[in-house]
1. Of the conditions (1) away from ligand 2 (no atom under 16 Å from the Cβ); (2) under 25 Å from His230 (Cβ atoms); (3) small (Gly, Ala, Ser), Ala300 satisfies every one except a single condition; which number is it?
2. List every residue pair whose Cβ atoms sit under 7 Å apart, with the two residues 6 or more apart in sequence or on different chains, where the first one lies in region 296-309 and is farther than 30 Å from Leu219 by Cβ and the second, anywhere, is in a loop (DSSP other than H, G, I, E, B) and away from ligand 2 (no atom under 13 Å from the Cβ).
3. I'd like to know if region 282-293 contains one or more residues that are assigned to a helix (DSSP H, G or I) and free of Cβ contacts under 8 Å to residues at least 12 places away in the same chain.
4. Check Tyr152, Tyr172, Tyr136, Tyr192 and return the single one that is away from ligand 1 (no atom under 15 Å from the Cβ) and either over 13 Å from Ser83 (Cα atoms) or open to solvent by less than 50 Å² (accessible area, probe 1.4 Å) (or both).
5. Can you say whether Ser165 is open to solvent by less than 10 Å² (accessible area, probe 1.4 Å) and more than 11 Å from ligand 2 (Cβ to nearest atom), as far as the supplied structure shows?
6. State whether the residues of region 248-265 include one that is open to solvent by 80 Å² or more (accessible area, probe 1.4 Å), outside any helix (DSSP H, G or I) and within 16 Å of ligand 1 (Cβ to nearest atom).
7. If Ala93 satisfies every condition in (1) out of contact with any Leu (no Cβ under 9 Å at 6 or more places or on another chain); (2) hydrophobic (A, V, I, L, M, F, W, C); (3) over 19 Å from Pro179 (Cα atoms); (4) open to solvent by less than 60 Å² (accessible area, probe 1.4 Å) but one, which is the exception?
8. Going by the conditions given, is Asp57 over 22 Å from Asp330 (Cα atoms), open to solvent by 20 Å² or more (accessible area, probe 1.4 Å), within 15 Å of ligand 1 (Cβ to nearest atom) and acidic (Asp, Glu)?
Amino acid sequence: MIFVTGGAGFIGANFVLDWLAQSDESVLNYDKLTYAGNLNNLASLNNDARHVFVKGDINDSAHLCGLFFEYQPRAIIHFAAESHVDRSIVGPAAFVTTNVNGTFGLLEAARTYWQSLEGEDKDNFRFLHISTDEVYGTLSADDAAFSETTAYAPNSPYSATKAASDHLVRAYHHTYGLPVLTTNCSNNYGPYHFPEKLIPLMITNARAGKDLPVYGDGLQVRDWLYVKDHCSAIRRVLEAGRLGETYNVGGWNEQTNLSVVHTLCELLDELQPKAHGSYKDQIKHITDRPGHDRRYAIDARKIERELGWKPQETFSTGLRKTLEWYLANDDWTKQVQSGEYLKWVALQYEDEEQA
Ligand code: NAD
Ligand code: DAU
């Protein structure tokens, strides 16, 4: 079996669902179920014996170690993290606790388990760490895209803690020989995306008749990747990635935030028209994010050259699928917009005069 951390979150849940749609190899899904973890994402796996869910914290090395010896996974795929940049600005401590200390706790448990293995089980074991392009910092308009050799220069508490976790993973390979792989991915979008992030926030606010809060001038650039393309890249790296290597994963799809919001509004105007006017009328520019990175862009040639992976979805097809999923899954959105979500929205947006 494979052991997944953070498999109740956005990317982790998509990964678990995709994995079990294509393979009968079981998944142990280890997740703390923070505000971002949601077992409803995995409701279609209820009563499926191939999916074993265990609630736990990656800081709990003893718990993890016990599970590794009991279930004997052939690989660990590490998604669990605090993942929202704005939350890391408001409260960085949780990011250090989970992303740095938690990754350390997980690595320690993995090392103990891996060192106990022998022969092929030891040789074939893999620790795959899921990281982000934000560790490379920010680009100006004419800089070359981030490659695997770009120097780390994280700018937010979130990206600094992800960078620290990447360094720990690298060090466990270099020092102890732990068979690690790391992927650094650009912005994902798709089903089950928590509505604190740009695309699902804009979809849910637009439909609720609320403001669409664009930070600053909205000309910041992100490289958007459909989440299922990210899942296929992870499967490919797990299968054939070279030990100790890092692989950048991106969509070859740079867009300004304003352009993303405009495209979404146009799609909504088509699929669920308002009685009067366009959803674009709801766009409001608000105070910029402190330290806001201007541009991210991924050079994904290494994973294409070495492993033959390329994204399949275009932004236009991926965004339409995403919007259709949200239109068909109002119950999911209502359920995640719990008390905890409302507290965040009040803290982040309600003091904004323009919002
Ligand atoms: P998410 O916030 O949606 O989900 C994170 C999951 O981790 C949740 O299920 C949460 O309950 C769990 N978790 C948090 N703290 C934990 C702890 N201490 N112990 C166990 N579980 C814990 O995040 P996501 O967007 O799915 O991102 C997954 C991973 O991918 C993260 O490592 C993130 O840094 C990375 N990543 C995300 C993106 C993106 O666009 N979302 C892009 C590149 C990389
Ligand atoms: O690049 C990969 C990263 O992408 C991941 O590592 C992070 O986990 C993930 O959250 C994401 O980070 P971003 O900060 O790029 O994503 P977010 O959706 O928060 O914001 C995308 C852009 O939209 C960013 O430039 C900020 C802007 N934005 C965001 C929100 C929530 C707005 O203009 N208004 C908003 O209300």
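The values are calculated or read from the model by the stated rules, or taken from the named source; none is laboratory data. As the structure is a computational prediction, the values presented were derived from the model and not from experiment. In this analysis, Cβ positions are derived from the backbone assuming ideal geometry, glycine residues included, and neighbour counts consider all displayed protein chains. Ligands, DNA and RNA are stripped out before the accessible areas are found, and what is left, the full protein with its side chains, is counted by its heavy atoms. Shrake-Rupley method; radii C 1.70, N 1.55, O 1.52, S 1.80 Å.
1. (1)
2. Leu307/Gly241
3. Within region 282-293, the subset assigned to a helix (DSSP H, G or I) is 282.
Next cut, free of Cβ contacts under 8 Å to residues at least 12 places away in the same chain only: none.
Within region 282-293 (the criterion being assigned to a helix (DSSP H, G or I) and free of Cβ contacts under 8 Å to residues at least 12 places away in the same chain), the answer is no, since none of the residues qualifies.
4. Tyr172
5. On the way: open to solvent by less than 10 Å² (accessible area, probe 1.4 Å): yes; more than 11 Å from ligand 2 (Cβ to nearest atom): yes.
So Ser165 passes the test.
6. First, the residues of region 248-265 that are open to solvent by 80 Å² or more (accessible area, probe 1.4 Å): 252, 254.
Pick out the ones that are also outside any helix (DSSP H, G or I) and you get 252, 254.
This time we only want the ones that are within 16 Å of ligand 1 (Cβ to nearest atom), so: 252, 254.
The answer is yes; a qualifying residue exists.
7. Unmet for Ala93, out of (1) out of contact with any Leu (no Cβ under 9 Å at 6 or more places or on another chain); (2) hydrophobic (A, V, I, L, M, F, W, C); (3) over 19 Å from Pro179 (Cα atoms); (4) open to solvent by less than 60 Å² (accessible area, probe 1.4 Å): (4).
8. On the way: over 22 Å from Asp330 (Cα atoms): yes; open to solvent by 20 Å² or more (accessible area, probe 1.4 Å): yes; within 15 Å of ligand 1 (Cβ to nearest atom): yes; acidic (Asp, Glu): yes.
Yes: the conditions hold for Asp57.
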